[in-house]
Every structure is written in C-alpha cells, then in structure tokens.
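To start, the structure under review is shown below, and the notes come after it.
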Amino acid sequence: MARRSTKTPPPGEEFEERILDIDVVDEMQGSFLEYAYSVIYSRALPDARDGMKPVHRRIVYQMNEMGLRPDRGYVKCARVVGEVMGKLHPHGDASIYDALVRLAQPFSMRLPLVDGHGNFGSLGNDDPPAAMRYTECRMADATSLMTESIDEDTVDFAPNYDGQEREPAVLPAAYPNLLVNGSSGIAVGMATNMAPHNLREVIAAARHLIRYPGADLDALMRHVPGPDLPTGGRIVGLGGIRDAYENGRGTFKIRATVAVEDVTARRKGLVVTELPFTVGPEKVIAKIKDLVGAKKLQGIADVKDLTDREHGLRLVIEIKNGFVPEAVLEQLYKLTPMEESFGINNVALVDGQPLTMGLKELLEVYLDHRFGVVRRRSEFRRGKRRDRLHLVEGLLVALLDIDEVIRLIRSSENSAQAKQRLIEHFSLSEIQTQYILDTPLRRLTKYDRIELESERDRLKQEIEELTRILESDAELRKLVSSELAAVAKKFGTDRRTVLLESSGAAAPVVDLQVADDPCRVLLSSTGLIGRTVTAEPLPEGDGKRTKHDVIVSAVPATARGEIGAVTSGGRLLRLNVVDIPQLPEAAAPPNLAGGAPVAEFLTLEGDETLVCLTTLDESSPGLALGTQQGVVKRVVPDYPSHKDELEVVTLKDGDRIVGAVELRTGEEDLVFITDDAQLLRYQASQVRPQGRAAGGMAGVKLAEGARVLSFTAVDPAVEAVVFTVAGSRGTLDDSVQTTAKMTPFDQYPRKGRATGGVRCQRFLKGEDCLHLAWAGPVPPRAAQKNGAAAELPEMDPRRDGSGVSLPKTVAVVAGPV
C-alpha cells in the first residue's frame, strides 16, 4: 500500500490532513499506461498520414508560420527551436534541435525538409552537429508541399499545450512523406523502423493504386521494387523486402558500394564511395584497424579517408601485394559495418492507434488522407468563390441602376435607413447591401462593370469545376493523381540504391573470386591496357572524337582467362586477364582513361615494343606476322600452357616485327606497306602456317634501302581504307610539314607474294619516304603522339595521288574495335 496526503494549505486557512491509502499496483499501472500512451502518441511514433512525429510536425509548421521560405534568408536554428518550444512543444530544446538537424541531413532524409547552413553533422554521427546558436536554417524546396493549403481548412487544428495557440493535428502532405523519408523511433513496448524510398517510385505506386484500388502487392512492387536509401549502397536479398511490404516486417542487408582500383603504381585498393545507411567512415576505419591489430583480417596495407565536400565519400583501403582484392572485400563485408542488416518494422499511428502495415496499407492510409485534404480544400475554395460571387452579383445589380442607388442613399436619414431601403428596393441581401455601401464611387465606372461581369463568369466556372470534383469520386481521384504526378516531376530524383537478388559471395578459392565473364582486352596507342565488362564490340558513337587515345589492338577473353602479347622482338608473353584493370562501361568513342601502363604487366627488353594482343585459342588460323625486312609468317597456334614466354618467330639480325594480327578466318588479305610508298596485297592462304621456331618466308620484295613500315590483315568482304603520311627522311617531328592521303582499299589490286606491289602515294617536292602507313577497316581513328584526337583527310580515289597537309601531325591510326 502507498500513503498519499493532500497538499499543504495556504497560510491562514484551516486544513484537515487527509491521508489516502492507494494500492501501489493500481498507481503504477495507471501512471505507466498514461506515460506509455503519451510516448506512443505524442513522441515516438509517426502518423501514417503525413509521416511525422509531433516534434517534426511542429518544426515544419512553425517554420511555415515564421515565413522561412526557401527564397528568404536563413535564420539561427536557436530562434526556430525557441519558437517551437515556447508555442507548441513543451519539452527540452535539445530534443527539438536534434529533430531539426535530422530534417536537414541529406544522408538521413531522402528528401530533406530543412535547408541547413552550417555544420549539421556527418554520416554515422562521426562529426556531431554544431550548437544551434551557430547553425542557420530555412524551409527546403519540398517543405512547402507538406504545408500546402494548410490555411484552407484542409486539416483539423487543436489547442497547444497551454491552450493559447493552435496547431495542426496533421499536415496536408502533398506526397507520401512516411514512405519517402522513412522513420525510426522507440516507444513503450513497440518500435518503428521504416526505410526511405524513391519519391518517383512511391508516387507511381500511389497513382497506380488510385487507378486500380484492388491492385495486389506484385503490381505495386513493379513500381516500388525496394527502399532507396539516401546514402546509396547495395541492398542484397529481396526476400525480406517483400515480407516487409506484405506484412510490415522484414530484414535485408545493405552493402557498401566498392570498386577495385589501382591506388598506386603497383598496388590495388578498394575504393568505397557509398556506405550502408547510418554507417559512417570513422566507424568502418576503427573496426578495420581493430581487426588488423587482432590479426583477424589480413591483406590490408592502409586505410585512408579521402572524403571531401566536392567529391563526397571516398574511403580507400589499400591491399597488400599478393592478396586478391575481391577476397579481402568479402572478409570486409563479413567482419565490418560495410555490410549491415536493416530490419523494417512499419509501425505508425492510424486514428491514434499504432498499427503494423504493409506497403499497400501505408499507401491506402495516405491516399485516404489526401482525398480528404483535397475534398476539404475544394469545399473551402468553393465556399470562398460563392461568397465572392454573391458580392459581385449584388454590385452588378446596383450598377445596372446606379442613379437610383445614389438617390436612395442621398435621401436616407442615415446609413441604416439607406441599407434597409436598398434591400427592399433591389431585393439584396444584407451582406450585398453593406458591400455596395462600402464600395467607393471610383469602382462604379463602366470599365469596372466589365471587369465584374468577367469575374462573375470566371467564378461561376470555377464553382462548377469544384462542384464537379466534390460530386464525383472519379474526378477527385483524377485530381489527386495529377497533383502527385506534378510533385514527382518537380522533385523526383534517380534511384541511388542498387537492388541485388543475392549477395553473390565468392568462395575462398582464388579462382572463384572473380566470375569468368566474357570481356575484351584493349591496348591503346599510348601503351595503356584494360578490359571491358562485356565481350561485345565497342560502339562507334557519332564519329566526333571527344576522347583521347586510339585502341590499336582488342581481343575477346574471359575474366579469369589468359591472352598473349606479341612484342617486336618476336616474343609472345602470357597475361592473366584478371590482373588487367577493368574499365567503366564502354562509351563511344572508346578510350582507356581507366587503364594501366603495359610496363606494369610486361618486362620489355631494350627498344622492344608491344605490337599486338592475341588470344591463345589453338583452334584459330593463328597469327600472321610481318617484319621490317619484308618477312611474313603464319604461326601455328601451339601455345604450351606451362610456358609464360614463347618465341613465335626466329628473327634475323637487325630485323623486328612491325605488325602482327590474329587471323579470324584465314581468308584475309595480308597487306605490306613500305617506306618508299609501295603497297603489296595478297591472300593469307599464299602463306603456309609454320611452327613457332621457324623464320618465316619472303613476304614483300624491297627496293634497296627500303624497309617495311606497316603490316596488317584486311577482310576483303568489309569496307577498308589505306592511310599514308609522306615526308622527308629523318624528320618525323611535329614542327615539320607532312602530307597525308586516305584511299579506298579496293583501289589496290592483289599481287603475288614476294613481289613489289604498287605505289600508294606520290611524293611531292621535298618528300622521299613515308612516315606512317596503315590499312584497315572503316571508320579509322587517328591520334597524335600524346594520344589527343587528330583529324584525317578526305577520301582520295587516286591510289598513287599526292597527299594534303593536316593541321595536326598524326602519329597512329587504327580501325574499329
């Protein structure tokens, strides 16, 4: 039992002490239930209609009342907090400011409601927000949607805590804020944890539900496939999302967005650009350091936080040499907050009662609220227009006989008599009569009458439209749907979070770390190498060279396969494709800005250069090689797997390979171009395949002092061109004038192997050799020595014509890849 006495009486008053015996259980039960209801209804759980807790609603409403529009200046947050606390929210300033801060954080809100100026904290609360006396705020652009038409009797108002002010019980909410921004809170005996979603997707689902009220969950999930978190990331496993959308509860995993990049010349790293929702970089760094120190995580050399305001989140995790980045990444997902679980618990207040709802129920509650808001708004507007129409019609009646109106007023003893006489004479209402008496004479002109008639017609039309909306449920639903579409168009953004069916976790075996997907390995003219994410040929684009560099060799491969690199010294070196950096999605025109120098993968000797890339497919027709001294060879595709370096031709002293190409059909034409402007073309079938150790055979007959400049293979079935650049010997420099010519390939006849060929460019005065030559399929692409794009001359149908000058010196030409 508990004993409770009444309060001490005021001085001078008699008081008889009374002690009440109360059962402790009853007292505790009553007090606890009172407290629990207060927390549930007034603090911790959001309203399903506008998606706001009372403190958030009061902040937004009070900022609207203070006129803190997006086009106005910022004010101190302390001022807003003070207004909210003094007028609407009888709690501490810290809780109000914390709520205001969250409304301003773009990493917490998918569509922020407060435009903050100053330090409002950082992801994961690693850097707490500044005190409210330092920060400033105003309403964000989307905040007006929450309070739109609140002054048109769209929602109910209730007294504040002391009865001196009034506050809205709910906001009009022109978009489904609860689903868009989510919510979290812990009440007594229950909690809510709702994930943010994409505004466009949620509105698309709401509009679908307006049109098809009986739509099932599958139909709605075609519009809302899953949450869209402010921090991006990747959601792994969609089963839990469907459970949450169906019954209000479910769990899914969020993974960081990570890319494997070359962070130094010799070291790869994991670059984290997006972290799971509510996880900050400091938390990840601290966990990684703890695991490395405890020797539970291996392969990490260093962790750097390079996050800044310009580039956003960038966490670089350097991987030690000898460790596979993908395998280390799987360990990071497993052991650190780079992968976190998110438990959806869709608990919100509906008619003051906490309910757990699925996606359809949440949308239905919001739409019912929105229908009610638009209906009340339409009734309010119709009433306002009817009142105005009543006044306008009365004034028009007076204007029709203005002389009689003036006579009645002048002959009346007082205003009361004038009003009564006007009512009796013109059959006007008291309101109309008073409006006529209050109207100045300057408003009684002929022009004003025309304006009043126009206003009357407009008011009647608007009243008819509003009446049609109020009397037709279909019109009301159509209007709500169109308003939602306008919101999505104005404020919608692209999805940030990627949805994945499963984690795709790799096994601990190294070979399984990277999927053996088809790809293409590319080599550029400046010596960069990289691999694409697809085996499809790269698009050609619109022909405008906005990118630098030219792809001189491309071979199909698989991510875990091997390719060969043929050098000018007659060697074929093996390359593991998985070691070659992966390029971003292919763009047109292609470039290797994300590639790596060949020197990082191959060791070349002296002046040896890389000529081309080739597959190691032993079922292909093999390689075709051409040397500087005119030797040609077709190599039998015999590449022992246990050798990383093979010899594909035995070269004579002073000779080197100038061109190599992997034949696709064996029916190609082999093309030699010499520096004395001779072009020889013949079928590859004239060259019999030889073993790797063979020295080849005579390919082209050279004049004294001449050498081979270019060797290629061209498919005669495709359109091709010949490009040549002429100049003088020993002066291949950008400052020396050269002439270039491009001719259709079919202008050059086939000849026999080991003959001299035909002339491909006529030298002008001062020219005695070719500096550059190439034959291949269209469209050709050209670059300067530094990789910058270069222009090619117009097509010249004369095979032995002279060249034309170019604005930029061309250093390399290659065909499509």
Tally of residues being in a loop (DSSP other than H, G, I, E, B) and over 22 Å from Leu335 (Cβ atoms) across the range 239-267: 4
Based on this model, can you work out whether Gly51 counts as surrounded by 20 or more Cβ atoms within 10 Å (Cβ to Cβ) and either polar (S, T, N, Q) or not in a loop (DSSP other than H, G, I, E, B) (or both)? no
What about Ala740, is it under 29 Å from Gly622 (Cα atoms), in the same structural domain as Val658 (by TED's automatic domain parsing) and either among the aliphatic types (A, V, I, L, M) or surrounded by fewer than 19 Cβ atoms within 10 Å (Cβ to Cβ) (or both)? no
Strands (runs of 3 or more DSSP E) enclosed by the range 628-703 - at least 2 residues per element that are at pLDDT below 90 and assigned by TED's automatic domain parsing to the domain that holds Leu764: 645-647
Just wondering, is there one or more residues in the range 110-119 that are more than 26 Å from Leu484 (Cβ to Cβ) and part of a loop (DSSP other than H, G, I, E, B)? yes
Is one or more of the residues making up the range 374-395 farther than 30 Å from Arg458 by Cβ and touching a residue at least 60 places away in the same chain (Cβ under 8 Å)? no
Filter result (charged (D, E, K, R), within 23 Å of Ile529 (Cα to Cα) and more than 35 Å from the chain's Cα centre (by Cα)) within the range 763-791: Lys785
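A quick yes/no check of all residues on (1) of a type in the set (D, E, K, R); (2) in contact with a His (Cβ under 6 Å, 6 or more places away or on another chain); (3) assigned to a helix (DSSP H, G or I); (4) within 30 Å of Phe252 (Cα to Cα):
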position: Leu145; (1), (2), (3), (4): no, no, yes, no
position: Ile150; (1), (2), (3), (4): no, no, no, no
position: Thr154; (1), (2), (3), (4): no, no, no, no
position: Ala158; (1), (2), (3), (4): no, no, no, no
position: Val170; (1), (2), (3), (4): no, no, no, no
position: Ala173; (1), (2), (3), (4): no, no, no, yes
position: Leu179; (1), (2), (3), (4): no, yes, yes, yes
position: Ser184; (1), (2), (3), (4): no, no, no, yes
position: Gly189; (1), (2), (3), (4): no, no, no, yes
Take the residues in the range 114-138 that are among the acidic types (Asp, Glu) and at pLDDT below 90; name whichever of them is farthest from Lys283 (Cα to Cα). Asp127
Filtered residues of the range 658-676 (kept if under 17 Å from Ala706 (Cβ atoms) and of a type outside the set (Gly, Ala, Ser)): Val658, Val671, Phe672, Ile673, Thr674, Asp675, Asp676
Within the range 648-701, how many residues turn out to be aliphatic (A, V, I, L, M) and over 53 Å from the mean Cα position of the chain (by Cα)? 7
Look at Gly73 and say whether it is in a helix (DSSP H, G or I) and modelled with pLDDT under 95. no
Which ones in the range 82-109 are touching a residue at least 12 places away in the same chain (Cβ under 8 Å), part of a helix (DSSP H, G or I) and more than 29 Å from the chain's Cα centre (by Cα)? Glu83, Val84, Lys87, Asp93, Ser95, Ile96, Tyr97
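Conditions tested, residue by residue: (1) under 20 Å from Ala706 (Cα atoms); (2) free of Cβ contacts under 8 Å to residues at least 24 places away in the same chain; (3) among the β-branched types (Val, Ile, Thr).
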position: Thr743; (1), (2), (3): no, no, yes
position: Val758; (1), (2), (3): yes, no, yes
position: Leu770; (1), (2), (3): yes, no, no
position: Pro777; (1), (2), (3): no, no, no
position: Met795; (1), (2), (3): no, no, no
position: Ser805; (1), (2), (3): no, no, no
Scanning the range 272-302 residue by residue, those crowded, with 18+ Cβ neighbours inside 10 Å, among the β-branched types (Val, Ile, Thr), at pLDDT 90 or above and within 26 Å of the chain's Cα centre (by Cα) turn out to be Val272, Val279, Val284
Report, by residue number, each residue of the range 642-694 that is among the aromatic types (Phe, Trp, Tyr) and closer than 25 Å to Arg729 by Cβ. Phe672
Conditions: (1) buried (at least 16 other Cβ atoms within 10 Å of the Cβ); (2) out of contact with any helix residue (DSSP H, G or I) (no Cβ under 9 Å at 6 or more places or on another chain). Pro621 meets all but one. Number of the miss? (2)
Just the residues that are part of a strand (DSSP E or B) and β-branched (Val, Ile, Thr), please, taken from the range 783-817. Val804, Val812, Val813
Unique residue being over 27 Å from Asn198 (Cα atoms) and of a type in the set (Asp, Glu) when the list is Asp93, Asp115: Asp93
Could you grab me the full set of residues in the range 666-699 that are among the hydroxyl-bearing types (Ser, Thr, Tyr) and either touching a Leu at 6+ places or on another chain (Cβ under 7 Å) or surrounded by 15 or more Cβ atoms within 10 Å (Cβ to Cβ) (or both)? Thr674, Tyr682
Hits in the range 804-817 (condition: over 35 Å from the mean Cα position of the chain (by Cα), more than 20 Å from Leu680 (Cβ to Cβ) and crowded, with 17+ Cβ neighbours inside 10 Å): Leu806, Thr809, Val810, Ala811, Val812
Condition test on Leu772, is it under 20 Å from Val552 (Cβ atoms), assigned by TED's automatic domain parsing to the domain that holds Leu680 and surrounded by 20 or more Cβ atoms within 10 Å (Cβ to Cβ)? yes
Considering only strands (runs of 3 or more DSSP E) fully contained in the range 311-351, which possess at least 3 residues that are closer than 30 Å to Lys53 by Cα and under 23 Å from the mean Cα position of the chain (by Cα)? 339-345
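If you scan the range 789-803, which residues turn out to be exposed (fewer than 14 other Cβ atoms within 10 Å of the Cβ) and farther than 16 Å from Pro744 by Cα? Can you show your working first?
Within the range 789-803, the subset exposed (fewer than 14 other Cβ atoms within 10 Å of the Cβ) is 791, 794-795, 797-798.
Glu791 - this is the single residue of the range 789-803 that is exposed (fewer than 14 other Cβ atoms within 10 Å of the Cβ) and farther than 16 Å from Pro744 by Cα.
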Within the set of pairs 6+ apart or on separate chains, which have a first residue in the range 405-426 that is in the same structural domain as Gly394 (by TED's automatic domain parsing), a second that is assigned to a loop (DSSP other than H, G, I, E, B) and surrounded by fewer than 15 Cβ atoms within 10 Å (Cβ to Cβ), and C-beta atoms under 8 Å apart? Ile423/Ser429; Phe426/Asp401
Single match in Leu670, Leu651, Leu646, Leu679 (criterion: under 21 Å from Leu575 (Cβ atoms) and not basic (Lys, Arg)): Leu646
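Every residue, every condition in (1) more than 21 Å from His56 (Cβ to Cβ); (2) in contact (Cβ under 8 Å) with a residue 24 or more places away in the chain; (3) among the hydroxyl-bearing types (Ser, Thr, Tyr), yes or no:
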position	(1), (2), (3)
Glu152	yes, yes, no
Phe157	no, no, no
Gly163	yes, no, no
Ala169	no, no, no
Pro176	no, yes, no
Val180	no, yes, no
His197	no, yes, no
Arg207	yes, yes, no
Pro213	yes, no, no
If we ask which residues in the range 405-424 are part of a helix (DSSP H, G or I), over 23 Å from Arg386 (Cα atoms) and of a type outside the set (A, V, I, L, M, F, W, C), their number turns out to be 6
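The values are calculated or read from the model by the stated rules, or taken from the named source; none is laboratory data. Just so we're clear, the structure is a prediction, and the values are computed from it rather than from any experiment. For neighbour counting, all protein chains shown are included, and Cβ atoms are generated from backbone atoms with ideal geometry for every residue, glycine included.
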